[in-house]
Structure formats: C-alpha cells, structure tokens
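Notes for the one structure printed next.
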C-alpha cells in the first residue's frame, strides 16, 4: 500500500487557512518544512505539492501558491527518505526547462523526485499568459504529448556512466554517451542534449491526474502513477481497469501505471467531534466548495479500517492523502492511522522513490540503440 501526501496550501478544504496552525511566510504562503518532516516520520512515500483550493472570507480565491519546483529544491537538504514531488503546468512551460530542473533536483535528492504533470486545458486560455495562443482541446493534448516525449528524450540524452572525470587522461565526459535528440515536431524544436546529467532514477516518477479520455491516453503511454479523485471504490476500480487496458494497447505492461485513490479526511477523537469539525469548515467555505476524492469524516481507527478494506479488495495500488487542515489532520493520520497499516506497509528502505514504489528504472533509449 503506497501512501502519498498531497500538500495544497494550508490543507485541502477551501476554508483550511482560517483554522490551520501553519505559520505563514512574509509572502503569505504556508511554511511546509515541518509538514514534510512529519510525513517522513510517518514513513509516507512522497510529499507532492499541488495548487491550493483556498478561499478568502468573502469567497474570493487566494492564489499565492509558490512555484513548486524551487519549493521542492528548498526541502531536499531537510529530508532524507521521503519523495518530493513538484507540479508543472504543461500548457505554459517549456519541456527543456522542466527536464533540466527535475534532473538537477533528482541528483541533489539522490533520486527522490516526482513530477506531477498538470494537463488542465482552458478553452478560453489563461489571462496570466496572454502571449500564448489559445489552443483547442485536440491541439492542447497533442502539444502535451510532444512535451512529455521531449522530457523523456532529454533525460535519456546522457547515458549512465557518461561522466568519466579521469584526471590522468584529461577526459571529463565520454562524448559517445551524450546525444543531441534532434527533435523537430509540430510544437517544439529541441536539439539537445540536456545541460544536466541523467536523473538518478533514470526519469523522475511521472504523476498524472487528468481523467479525460485524452488525459487517460497520455497516462497509459507515460505515467508511473495516476491519481484519481473518484469518490467510490467501484469508480476507482473501473478507472484502474480502463487504464490497464489502455496501457496494454500502448505497448506497456497492464500494471505499468499504479492507481492511487484520493482520500480526503477530517479526523478527531470521536465521530461526533469529527462531524462538528467538518460542519465548522463547511460553514466557513463558499457554498458548494468541498474536499476532493472520497471524503472521510471520523476517527483514525475508522480511516485505517477504510484504507485497509480498499487495499484488501484491490481497489487501488495506494492512496493520495488529502488532509482537510494542515498540520492537524496529518498529525492525527501519522499518530493514529499509520501504526495500524504497518502490516500492509513493510518498512521502506532509504532508497530512490522508484524503488520505494516498486517501479522499474527506465532503460535509456540511446543505450539500447548502441547495444
């Protein structure tokens, strides 16, 4: 059973900021070093930074979320075992910059990075990126497919062992193991190679969560993990089965993509106290706002039983944890839920994130062609 913590602002409930005990930085966003340390103490596999869903007292959106890539970089030296995941919005970034940043972070963290690919498509574009041409849905997903393909080509452009660093011969790198990718496509022209060596993991763990038909097709081709916010075990199982079929059609093993079910939770010492907390949060939030995925309100024992049951029934490969309020609900999860799941979660070694998640290290396309 894999457990990933999704971190969004002060918690996943839109009103979380009003009750959270997290200190705010002068820039207004929460300071998450303590949250990630707490997740690591609970042997969670990864802390994945996503965009917050917070709202102000009058329902206005609060959107001071920092760029998650430097945020992950700031936490590399403060952690030793837990994976660290950044989110990149594919529609308004360049693949070379993303590939380089993640390759460097994977090296600095000794192979503990993940990349969540935000594939959101907006029919009207984004006013924050007024220079970008508005794309149709078909164009958007075609560009995204090319973007991801370039990421993988760039990560492979340095073969393992390319750095020789032989002082006696004066050879720093073996040029035969460094490759321009010569990519020329409808959306991008990238010569390469990447100006950073291949990531420790080969490729960072690739995380998808777009459940549109086009998004599922891309996940079947490229994803390591797929996060679903389906709110019932039956819906999660249907999506998992669909992804397995699509992965096989894409030439991959059926179980190449692990499916994680999002479970959001409000915890307390009793069901009545948890229900009262949830009502208070809902009263503070704009009408219609809520928590993602399967919403659980209750005790740590109850949540442990739910996760245990879904795992026993092979509903999913693990869980994307979405605490309503940080650090409160995470603390209750680590102290009350984690100990009850240990029989299904053997102690993970201090290793790469891929090794923790039992994901194969990708082969290098250039090494394969040489052999």
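The values are calculated or read from the model by the stated rules, or taken from the named source; none is laboratory data. This is a predicted model, so every value here is computed, not measured. Don't worry about glycine lacking a Cβ; one is built from the backbone with ideal geometry, like all the others, and counts go over all protein chains shown.
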TODO: Determine which member of the set 308, 269, 320, 328 is modelled with pLDDT of 95 or more, buried (at least 17 other Cβ atoms within 10 Å of the Cβ) and out of contact with any strand residue (DSSP E or B) (no Cβ under 6 Å at 6 or more places or on another chain).
DONE: 328
Open item on the list: I need the full set of residues from the stretch 178-215 which are more than 30 Å from residue 246 (Cα to Cα) and touching a residue at least 24 places away in the same chain (Cβ under 8 Å), in order please.
Closed with: 179, 192, 193, 194, 195, 196, 197
TODO: Report yes if some residue within the stretch 5-16 is within 13 Å of residue 333 (Cα to Cα) and either surrounded by fewer than 20 Cβ atoms within 10 Å (Cβ to Cβ) or in contact with a strand residue (DSSP E or B) (Cβ under 6 Å, 6 or more places away or on another chain) (or both); otherwise report no.
DONE: yes
TODO: Give me a count of the residues in the stretch 1-52 that are modelled with pLDDT of 90 or more, assigned to a strand (DSSP E or B) and closer than 26 Å to residue 280 by Cα.
DONE: 4
TODO: For the stretch 100-128, name all the residues that are more than 18 Å from residue 150 (Cβ to Cβ) and assigned to a loop (DSSP other than H, G, I, E, B).
DONE: 109, 110, 111, 112, 120, 121, 122, 123, 124, 125, 126
Open item on the list: Just to check your reading of the model, which residue among 114, 142, 132 is in contact (Cβ under 8 Å) with a residue 40 or more places away in the chain, in contact with a helix residue (DSSP H, G or I) (Cβ under 8 Å, 6 or more places away or on another chain), farther than 13 Å from residue 198 by Cα and surrounded by fewer than 20 Cβ atoms within 10 Å (Cβ to Cβ)?
Closed with: 132
Task: Criterion: under 16 Å from residue 273 (Cβ atoms), under 20 Å from the mean Cα position of the chain (by Cα) and not in a loop (DSSP other than H, G, I, E, B) - qualifying residue of 333, 319, 296 - done: 333
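Yes/no per residue for (1) within 18 Å of residue 210 (Cβ to Cβ); (2) in contact with a strand residue (DSSP E or B) (Cβ under 7 Å, 6 or more places away or on another chain):
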{"site": "90", "(1), (2)": "yes, yes"}
{"site": "102", "(1), (2)": "no, yes"}
{"site": "123", "(1), (2)": "yes, no"}
{"site": "129", "(1), (2)": "no, no"}
{"site": "134", "(1), (2)": "no, no"}
{"site": "139", "(1), (2)": "yes, no"}
{"site": "160", "(1), (2)": "no, no"}
{"site": "166", "(1), (2)": "no, no"}
{"site": "173", "(1), (2)": "no, yes"}
Open item on the list: Exactly one condition in (1) more than 19 Å from residue 223 (Cβ to Cβ); (2) under 24 Å from the mean Cα position of the chain (by Cα); (3) at pLDDT 95 or above; (4) surrounded by 19 or more Cβ atoms within 10 Å (Cβ to Cβ) is false for residue 291; which is it?
Closed with: (3)
Open item on the list: Looking for something under 29 Å from residue 359 (Cα atoms) and modelled with pLDDT under 95 - is there at least one such residue anywhere in the stretch 122-134?
Closed with: no
Task: Pairs, first closer than 20 Å to residue 117 by Cα in the stretch 59-75, second modelled with pLDDT under 65, C-beta under 8 Å, six or more apart - done: 63/52; 65/52
Open item on the list: Can you list the strands (runs of 3 or more DSSP E) lying wholly within the stretch 158-226 that have 2 or more residues being in contact with a helix residue (DSSP H, G or I) (Cβ under 7 Å, 6 or more places away or on another chain) and surrounded by 18 or more Cβ atoms within 10 Å (Cβ to Cβ)?
Closed with: 205-208
